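Q: Please read through the structure below; I'll follow up with questions.
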Amino acid sequence: MSTTAAPHSNPTAVTHEVTNQAPPLAGHDVAADPVLLEGVERGGAGWHLEELHRFGLLAGSAEAQHWADQANRHEPELRTHDRYGNRVDEVEFHPAYHRLMDASVSAGLAGAAWSDERPGAHVARAAGFMVATTLEPGHLCPVSMTYAVVPALRHSSDLAKVYEPLLTSRVYDPELRAPAGKRGLLAGMGMTEKQGGTDVRANTTTATERPDGTWRLRGHKWFTSAPMNDLFLVLAQAPGGLSCFLVPRVLPDGGRNTFRIQRLKDKLGNRSNASSEPEFDDTVAWLVGAEGRGVRTIIEMVTMTRLDCVLGSAAGTRAALAQAAHHARHRAVFGARLIDQPLMRNVLADLGVESEAATTLALRLAGAADRAQRGDESERAFLRLATAVGKYWVCKRQPAAVAEALECLGGNGYDEASGMPRLYREAPLNGIWEGSGNVNALDMLRALGREPASLDAFRAEVEAASGADRRLDAAWQELRGELVLTEDAPMRARRVIERAALVLQGSLLVRHAPPAVADAFCASRLAGDRGLAFGTLPPGADFAGLLERLPA
């Protein structure tokens with residue numbers, strides 16, 4: 001009898017050799033992106049590049065990517081009571097979440113820009129926010145709200161004097177303590193209620209003034225994120241109408257304010273971030289701004305969080321594209337690298353054009369915000385209209401772009417281990433938060449009707465590229481007629497805001513992007529040759545030039 005073993009029983013036989021798989025995208029500088037860096041320079045924040053690259057190396061490290069994964073796998077947990085039955089209303093987070101928060105707050109992504117007198121400080125902060133979003137967007141919700149609360153809080157100088165120095169701190173201090181005794185504060189907002197949602201005028205939470213000058217709130221909120229933050233701006237009905245109030249989690253004397261967290265939301269994505277339903281019952285609050293002017297007061301905060309939605313969606317699109325490009329550079333099919341296959345080149349180039357347009361617009365808005373807060377009224381007027389336009393379009397395009405990028409990885413992209421499903425679940429979020437698509441389209445109409453200076457500033461921005469591209473000129477000429485308010489304006493608002501976004505992006509790219517990018521954008525987004533899916537750029541596009549702009 002033969003003693004030769006069958007091939008399948010040989011313990012030394014190679015049965016599973018991994019080949020033709022992309023290595024992990026780790027150990028790189030997320031900030032080493034020409035589109036991002038050029039935008040930072042244009043925004044006057046070139047002085048920030050060294051720090052931005054340090055943060056980019058952290059965001060691209062395997063360690064930080066592990067934090068992101070752990071913070072989403074081990075979700076926040078609500079503890080309503082302690083072991084003795086006392087109400088505590090605390091949310092516990094995985095240590096990885098706290099590491100992410102510490103990194104972003106230390107990088108100045110919360111309120112620090114408001115205390116930085118250097119021109120371009122808000123652009124520097126925007127670039128860092130985009131880098132952090134590429135790593136993990138969920139933890140940035142409290143960071144964003146802290147950034148946004150500062151201009152709204154300034155409606156009450158006494159409150160701003162107490163809290164602004166701590167809101168602009170670079171120290172992450174997560175313990176629940178009296179705010180004045182902490183080294184840094186985080187802020188949130190409570191606007192919507194279950195019966196009204198976007199229609200905050202339907203809010204039923206009430207506010208009653210006390211002789212000591214404080215107010216007492218009673219009611220509920222439907223979607224309040226980051227309930228472990230220190231301070232919240234809350235809308236409530238006062239005798240003089242809907243008003244804005246500051247609600248601390250812990251009172252100045254160290255006692256817990258009434259902030260009953262009924263449950264945490266079970267969301268599609270954004271799993272690392274706790275979103276809650278708090279209820280107020282004789283909750284202590286301080287009036288911010290004038291009584292009855294709550295929406296006008298808190299809209300200062302909403303404007304800045306809308307800006308962060310644009311930044312976040314642009315960064316989320318860029319993150320998905322980076323994964324797709326990395327995969328295509330390392331994967332071979334039919335004897336050639338995937339990135340060298342003609343149709344995949346078209347898809348990646350088209351995604352690159354989309355991403356560059358989104359990033360360029362997002363950083364232009366950040367630059368306008370920076371100059372507006374330094375007193376430039378034309379930039380303030382531009383921001384009023386362009387924020388609504390950018391919020392609508394960049395956030396609307398993210399889900400489609402991320403889905404296409406995921407498809408570039410094939411089945412690998414549908415596997416949770418790739419990280420692409422998390423990017424996909426995050427993608428619709430910014431289109432919903434801080435005003436959904438319809439809200440922003442109607443907000444554009446309000447700006448056109450009530451603030452003509454915003455249209456003048458928008459026109460000046462677009463016409464800065466006048467004569468540089470005939471397709472852009474033709475699209476702008478067509479759009480000008482549609483910007484005239486008529487009786488049917490609400491019905492066609494989405495068409496108008498979409499065209500406004502594309503024309504604005506076209507103007508920016510014609511002036512600032514390489515010719516290959518500007519030409520491909522105008523041909524595919526503004527001219528008659530428009531495909532309905534990514535990867536439909538016309539054959540004459542400069543694909544080599546476009547692919548050079550892809551993130552590493």
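Please treat every number below as a calculation from the coordinates, not as lab data. Source: prediction; values computed, not measured. Ideal geometry is used to build each Cβ from the backbone, glycine not excepted, and the neighbour counts take in all protein chains shown.
Q: Based on the Cβ-Cβ distance from Glu175 to Gln477, what FRET efficiency comes out when R0 is 56 Å, to the nearest 0.05? Could the numbers behind the result be given before it?
A: Details: r = 58 Å, r/R0 = 1.04.
Once rounded, the FRET efficiency stands at 0.45.
Q: Working from the alpha-carbon coordinates of segment 34-292, get Rg over Rh, Rh being the Kirkwood radius. List each step's numbers first, then the result.
A: Numbers: Rg = 18.7 Å, Rh = 19.1 Å.
Checking Rg against Rh, the ratio lands at 0.98.
Q: According to the square roots a ≥ b ≥ c of the eigenvalues of the Cα gyration tensor, what is the shape class of segment 189-340, taking rounded for a/c under 1.5, prolate for a/b larger than b/c otherwise, and oblate for the remainder?
A: Details: a/c = 3.24, a/b = 2.65, b/c = 1.22.
Cα axes put segment 189-340 in the prolate bin.
Q: A further question on this structure: Rounded, prolate or oblate: which fits segment 296-547 when a ≥ b ≥ c are the square roots of the eigenvalues of the alpha-carbon gyration tensor, with rounded for a/c under 1.5 and prolate only if a/b beats b/c? All intermediate terms of the calculation are to be shown ahead of the outcome.
A: Working: a/c = 2.09, a/b = 1.52, b/c = 1.38.
Prolate, because a/c is 1.5 or more and a/b exceeds b/c.
Q: Turning to a different aspect of this structure: Each residue of segment 539-545 in order: what ³J(HN,Hα) in whole Hz does its phi give by Karplus 6.51 cos²θ - 1.76 cosθ + 1.60, θ = phi - 60°, with x for Gly and Pro?
A: x, x, 5, 7, 5, 4, x
Q: Among Tyr147, Tyr414, Tyr172, rank each residue by its count of other Cβ atoms within 10 Å, from fewest to most, as a rough exposure measure.
A: Details: Tyr147 29, Tyr414 13, Tyr172 19.
Listing Tyr147, Tyr414, Tyr172 from fewest to most nearby Cβ atoms yields Tyr414, Tyr172, Tyr147.
Q: Scanning the chain for GluC sites (Glu not before Pro) in DSSP loops with at most 15 other Cβ atoms within 10 Å, what's the longest stretch left with none? Working shown, then result.
A: On the way: sites that count: Glu17, Glu117, Glu175, Glu487, Glu548.
So the longest stretch without any such site is 176-486.
Q: Quick check: residue separation of Arg530 and Ala22 times 0.36 nm, minus the Cα distance between them. What number comes out in nm? Show your work: numbers first, answer last.
A: Numbers: separation 508, 0.36 × 508 = 182.88 nm, distance 3.24 nm.
Stretched fully, the Arg530-Ala22 segment lengthens by 179.6 nm.
Q: Roughly speaking, what is the stretch gain from Arg495 to Asp116, that is 0.36 nm per residue apart minus the C-alpha to C-alpha distance, in nm to one decimal? Please report the intermediate quantities before stating the final value.
A: Values: separation 379, 0.36 × 379 = 136.44 nm, distance 3.92 nm.
Full extension from Arg495 to Asp116 adds 132.5 nm.
Q: Rounded to the nearest 0.05, what FRET efficiency do Lys267 and Arg83 have when you use their Cβ-Cβ distance and R0 = 35 Å? Mind dumping the intermediate values first?
A: Values: r = 29 Å, r/R0 = 0.82.
Step by step, r from the Cβ atoms, then E = 0.75.
Q: Using a 10 Å cut-off around each Cβ, can you sort Trp433, Trp67 from fewest to most neighbouring Cβ atoms?
A: Values: Trp433 21, Trp67 24.
By the 10 Å Cβ count, ascending: Trp433, Trp67.
Q: Under 5 Å between amide hydrogens, which residues at least 5 positions from Val88 or on another chain qualify, with H placed 1.01 Å from N in the peptide plane?
A: His81, Asp82
Q: Determine the shape class of the chain: with a ≥ b ≥ c the square roots of the Cα gyration tensor eigenvalues, call it rounded for a/c under 1.5, and otherwise prolate if a/b is greater than b/c, oblate otherwise. Provide the component values of the computation, followed by the final result.
A: Numbers: a/c = 2.02, a/b = 1.23, b/c = 1.64.
Verdict is oblate for the chain.
Q: For segment 43-124, which trypsin sites (Lys or Arg not before Pro) are in a loop by DSSP, counting at most 13 other Cβ atoms within 10 Å? Don't jump to the answer; show the numbers that get you there.
A: Numbers: sites: Arg54, Arg73, Arg79, Arg83, Arg87, Arg99; in loops: Arg83.
Sparse-neighbourhood loop trypsin sites (Lys or Arg not before Pro): Arg83.
Q: For segment 34-292, what does the relative contact order come out to in percent, with C-alpha contacts under 8 Å and a separation of six or more? Numbers along the way, then the final one.
A: Numbers: 528 pairs, mean separation 47.0, N = 259.
Contact order relative to length: 18 percent.
Q: Add -39500 (n - 2.57) for each DSSP H run of 4 or more in the chain, then divide by its residues: what number comes out at 222 nm, to the nearest 500 deg cm²/dmol? Walk me through the intermediate numbers first.
A: Values: 19 runs with 271 residues, N = 552.
One gets -16000 deg cm²/dmol as the mean residue ellipticity at 222 nm.
Q: For segment 373-388 and segment 121-175, what is the centre-to-centre distance using only Cα atoms, to the nearest Å?
A: Measuring centre to centre over Cα atoms gives 20 Å.
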